[in-house]
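Worksheet: the structure to be examined is printed underneath.
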Amino acid sequence: QVQLVESGGGLVQAGGSLRLSCVASGIIFSINKMSWYRQAPGKQRELVATITTGGATNYADSVKGRFTISRDNAKNTVYLQMSSLQPEDTAVYYCKVYYRDFWGQGTQVTVAS
């Protein structure tokens, strides 16, 4: 079956950085567009970033210039490099196969002010 396993979350001070990883199994990773979503307490889940099979990326306006999505097809892994983190970035971050309803379990990111 399809599995997406996120890691790399944690507690960081405002202005700090974190790199999230998501390892996929059970799918042909290289042919799938991948994405990161996040859900803050009391808010709807929102799309943060996407990356196509060819490496084209797209970002939510709230994270442009601060977050970078990338992928390593040899490792079946998609990454989210987050810099200049702010308290409003606090959320559970989820990896998703963009066109399929496959989600990871999420990883908590908490940014302290």
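Identify the residue in region 30-45 that is more than 13 Å from residue 106 (Cα to Cα) and not hydroxyl-bearing (Ser, Thr, Tyr) and, among all such residues, is nearest to the chain's Cα centre (by Cα). Walk me through it before giving the result.
Taking region 30-45 first, the residues more than 13 Å from residue 106 (Cα to Cα) are 30-34, 41-44.
Adding the requirement that they be not hydroxyl-bearing (Ser, Thr, Tyr) leaves 31-34, 41-44.
Details: 31: 18, 32: 15, 33: 13, 34: 9, 41: 17, 42: 19, 43: 17, 44: 16 Å.
It comes out as 34.
Within region 77-90, take every residue that is assigned to a strand (DSSP E or B) and either at pLDDT below 95 or open to solvent by less than 50 Å² (accessible area, probe 1.4 Å) (or both) and give me the one that is nearest to residue 109 (Cα to Cα).
Initially, region 77-90 is screened for residues assigned to a strand (DSSP E or B), giving 77-82.
Then drop every residue that is not either at pLDDT below 95 or open to solvent by less than 50 Å² (accessible area, probe 1.4 Å) (or both), which leaves 77-80, 82.
Values: 77: 19, 78: 17, 79: 14, 80: 12, 82: 10 Å.
The residue in question is 82.
Which residue, of 49, 74, is out of contact with any helix residue (DSSP H, G or I) (no Cβ under 6 Å at 6 or more places or on another chain), assigned to a helix (DSSP H, G or I) and either open to solvent by 40 Å² or more (accessible area, probe 1.4 Å) or under 14 Å from residue 89 (Cβ atoms) (or both)? Give the derivation first.
On the way: 49 fails: assigned to a helix (DSSP H, G or I).
Result of the check over 49, 74: 74.
Could you tell me whether region 91-113 includes any residue that is under 27 Å from residue 1 (Cβ atoms), among the charged types (D, E, K, R), part of a loop (DSSP other than H, G, I, E, B) and modelled with pLDDT under 95?
Within region 91-113, one or more residues are under 27 Å from residue 1 (Cβ atoms), among the charged types (D, E, K, R), part of a loop (DSSP other than H, G, I, E, B) and modelled with pLDDT under 95.
Going by the conditions given, is residue 9 open to solvent by less than 20 Å² (accessible area, probe 1.4 Å) and in contact (Cβ under 8 Å) with a residue 60 or more places away in the chain? Spell out how you get there, then give the answer.
Details: open to solvent by less than 20 Å² (accessible area, probe 1.4 Å): no; in contact (Cβ under 8 Å) with a residue 60 or more places away in the chain: yes.
For residue 9, the condition - open to solvent by less than 20 Å² (accessible area, probe 1.4 Å) and in contact (Cβ under 8 Å) with a residue 60 or more places away in the chain - is not met.
Of the conditions (1) modelled with pLDDT under 95; (2) surrounded by fewer than 13 Cβ atoms within 10 Å (Cβ to Cβ), residue 44 clears all except one; give me its number.
Of everything listed in (1) modelled with pLDDT under 95; (2) surrounded by fewer than 13 Cβ atoms within 10 Å (Cβ to Cβ), residue 44 misses just condition (1).
Could you check residue 93 against (1) open to solvent by 30 Å² or more (accessible area, probe 1.4 Å); (2) touching a strand residue (DSSP E or B) at 6+ places or on another chain (Cβ under 6 Å); (3) touching a residue at least 60 places away in the same chain (Cβ under 8 Å) and say which number it fails?
(1)
For residue 60, all conditions in the list (1) under 12 Å from residue 98 (Cβ atoms); (2) surrounded by 14 or more Cβ atoms within 10 Å (Cβ to Cβ); (3) without any contact (Cβ under 8 Å) to a residue 40 or more places away in the chain; (4) of a type outside the set (Lys, Arg) hold save one; what is the number of the exception?
Going through the list (1) under 12 Å from residue 98 (Cβ atoms); (2) surrounded by 14 or more Cβ atoms within 10 Å (Cβ to Cβ); (3) without any contact (Cβ under 8 Å) to a residue 40 or more places away in the chain; (4) of a type outside the set (Lys, Arg), residue 60 breaks only (1).
Of all residues in region 18-38, which are open to solvent by 60 Å² or more (accessible area, probe 1.4 Å) and at pLDDT 95 or above?
19, 23
The values are calculated or read from the model by the stated rules, or taken from the named source; none is laboratory data. This one's a predicted model, so the numbers in the text were calculated from it and none came from an experiment. When we count neighbours, we look across all protein chains shown, and the Cβ atoms used for this are built from the backbone with ideal geometry, even at glycine. Areas reflect the complete protein model, heavy atoms only, side chains present, ligands, DNA and RNA absent. Shrake-Rupley method; radii C 1.70, N 1.55, O 1.52, S 1.80 Å.
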